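A short write-up of the structure that comes next.
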Amino acid sequence: MSRRDEPVESTDETSGASVSSQAKAAHQPKTTNIIYVVYFIATLDTTWMFLQFSVTPYLAKKLGFDTLWFGYLQTTAGLMQFLGGPLFGRFADLFGARAALSLACFASVVFFLLLAVANHPAILFAHKLPTIFMHVLPASQMVVTDLSEPEKRADVLSKLGLCFGIGMITGSTLGGHLSTHYGEAFAACVGAVGSAFSLLLVLKFIPKTTKVQAPRTNADHAADAAENTSKSLFNVGEITRLTKFPGVTPTFVVKIVAGLPSGIFQAMFSILALEFFKLQPEQNGYLMAYFGLLSMVVQGGVIGPLTARYSENSLLLLSIGVSSFVGLAQAYMQNVFQLCLIVVPMIFSLSVFNVITDSVLTKSVPSSDTGTMLGLCASVQSLLRTVGPTVGGFLYVNYGVSSIGFIQFVVNAVVFVFLFQRRLKKKTEHKA
């Protein structure tokens, strides 16, 4: 995969570059503080997200949803985020980090308020509409990507995964406890208040833009004026242009094909916990907290050392290979204890796969387009969540849980063999 394009500087700009480097070093403490605030905001957002995971399945069951209709509900959310991902990324590149994060947090407030008053199936579907703007995690990824060096990209992105793990633990535990003792509506109100607090943090601490600002010349301003017509939020050409950079399209194909089977299992997990494992809300919360703890260990203490020692291509192959065997184990899974054992390699493979593919893709485009690229990455995840519930519901009802695992095993095994053969072919060409 290619590295991110490096700016070409003339000899006349050497002194300006030196001054820019000194300024960057002087602002390093401020940059670090911004990254820490972003980590905290991402942790809060993940907390509220997993809180609603402990609310929605049980509320849907009270309103008469069966497995298939719950799949349609999840598909609605996935479709909204699939459509909104690229537009949100483009919005972030055009209007800056503060505006993007503010929009995402405000959408979360509306989402939880609608969930709190959902007493009819139509309202439960309507509460998924704000998810078109609910992209706090991709916006957070954009900020830390803008403020980090390319060689440290995978490490800082994995730290966001650590925040995800913390939020998974607190949100699942809190959501299960609140739903059991105070009801789903109260838990949703807590999510709305928490999202409003995240919005206040964004307005207080996040700068208007986190993009690196190069010294401007009159020629630059003239070029900007000429390009204003192309800088439209709904300019599809500006979004799809990124797929033309070397290595971007193959990485996207791998991200979609290899990620689809595991996406099906994730999309169906809430209904599997309810029907297959027969878990109560509080028990489900504890299980999700266990998943979060594993995610914290992997993303906070494992991925960083791995990326420092091994190449991204090697780690990508490793994650796909492990995911294949995880699918085989899922096919024979019978109880919660077996699930707890399978989850260890599953979280490892998912964490490495997502961090490496996001890192490769953001390095493949100019820094001015990282927001749009991360929006496209978010759309891939949303596409999996869109297709996953419907496909997963069909497979579960007609063929059982084992069918989901077998599909993951076969698909990831095929992708692994394809990438491994391509890697061997490249090595042979280089030797020749």
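Calculated accessible area for segment 252-363 comes out at 38 Å² per residue, all protein chains present (probe 1.4 Å; ligands, DNA, RNA ignored).
Taking all protein chains together and rolling a 1.4 Å probe, M296 ends up with roughly 50 Å² accessible.
Taking 8 Å as the Cα distance limit and 6 or more residues as the minimum spacing, I'd like the relative contact order of segment 282-432 as a percentage. Computed over segment 282-432, the figure is 35 percent.
If you plug the beta carbon distance of K427 and T240 into 1/(1 + (r/R0)^6) with R0 = 41 Å, you get a FRET efficiency near 0.80. The helix-based estimate of mean residue ellipticity at 222 nm for the chain, built from -39,500 (n - 2.57) per DSSP H run of four or more residues and divided by its residue count, is -27000 deg cm²/dmol to the nearest 500. Placing L306, L115, L68 in order of accessible area, with the largest value first and a 1.4 Å probe, yields L68, L306, L115. Long hydrophobic helices in the chain, taken as whole DSSP H segments with a C-alpha length of 27 Å or more on their own axis and mean Kyte-Doolittle hydropathy at least -1.0: 28-53, 67-95, 97-116, 153-182, 184-205, 248-275, 281-301, 312-331, 336-363, 370-399, 401-431.
Across the chain, the mean sequence separation of Cα contacts (distance under 8 Å, 6 or more residues apart), normalised by length, yields a relative contact order of 30 percent. Our note on the geometry: Cα centres of segment 30-52 and segment 368-402, 23 Å apart. Between the listed residues V117, A139, P86, the Cα displaced farthest toward the positive end of the dipole of segment 50-155, a dipole computed from Cβ unit charges relative to the Cα centre, is found at V117. Placing +1 on the Cβ of every Lys and Arg and -1 on the Cβ of every Asp and Glu, with no other charges, gives the chain a dipole of roughly 500 debye about its Cα centre. Summed over the residues of segment 37-118 and divided among them, the accessible surface reaches 34 Å² per residue at a probe radius of 1.4 Å.
Checking the table K30/K208; K152/K425; K208/K244; K30/K204; K363/K426; K244/K426 against a 18 Å threshold on Cα-Cα, which pairs fail? Violating the 18 Å Cα-Cα cut-off are K152/K425; K208/K244; K363/K426; K244/K426.
Largest accessible area first, the listed residues F337, F197, F348, F111 line up as F337, F197, F348, F111 when surface is computed with a 1.4 Å probe on the assembled protein chains. For segment 237-389, dividing the convex hull volume of the Cα atoms by the residue count gives 121 Å³ per residue. Working from Cα pairs under 8 Å separated by at least six residues, relative contact order for segment 102-176 is 24 percent.
Solvent-accessible area of the chain (1.4 angstrom probe, protein heavy atoms only): carbon and sulfur portion equals 67 percent. Among the listed values (1) -0.25, -0.70, -0.85; (2) -0.37, -0.82, -0.91; (3) -0.50, -0.89, -0.97, the one matching log10 I(q)/I(0) by the Debye sum over Cα atoms at q = 0.06, 0.10, 0.11 Å⁻¹ as calculated from this structure is (1). The radius of gyration of the Cα set in segment 75-159, together with its Dmax, comes out at 14.9, 50 angstrom. Ranking C105, C189 by solvent-accessible area of protein heavy atoms (1.4 Å probe, all protein chains present), from largest to smallest, gives C189, C105.
Result for the chain in a Gaussian network model with C-alpha springs under 10 Å: among T357, T240, T170, the largest mean-square fluctuation is at T240.
The values are calculated or read from the model by the stated rules, or taken from the named source; none is laboratory data. This is a predicted model, so every value here is computed, not measured. Here Cβ is always computed from backbone atoms with ideal geometry, including for glycine, and neighbour counts include all displayed protein chains. The accessibility values were calculated without ligands, DNA or RNA, using every heavy atom of the protein model including side chains. Shrake-Rupley method; radii C 1.70, N 1.55, O 1.52, S 1.80 Å.
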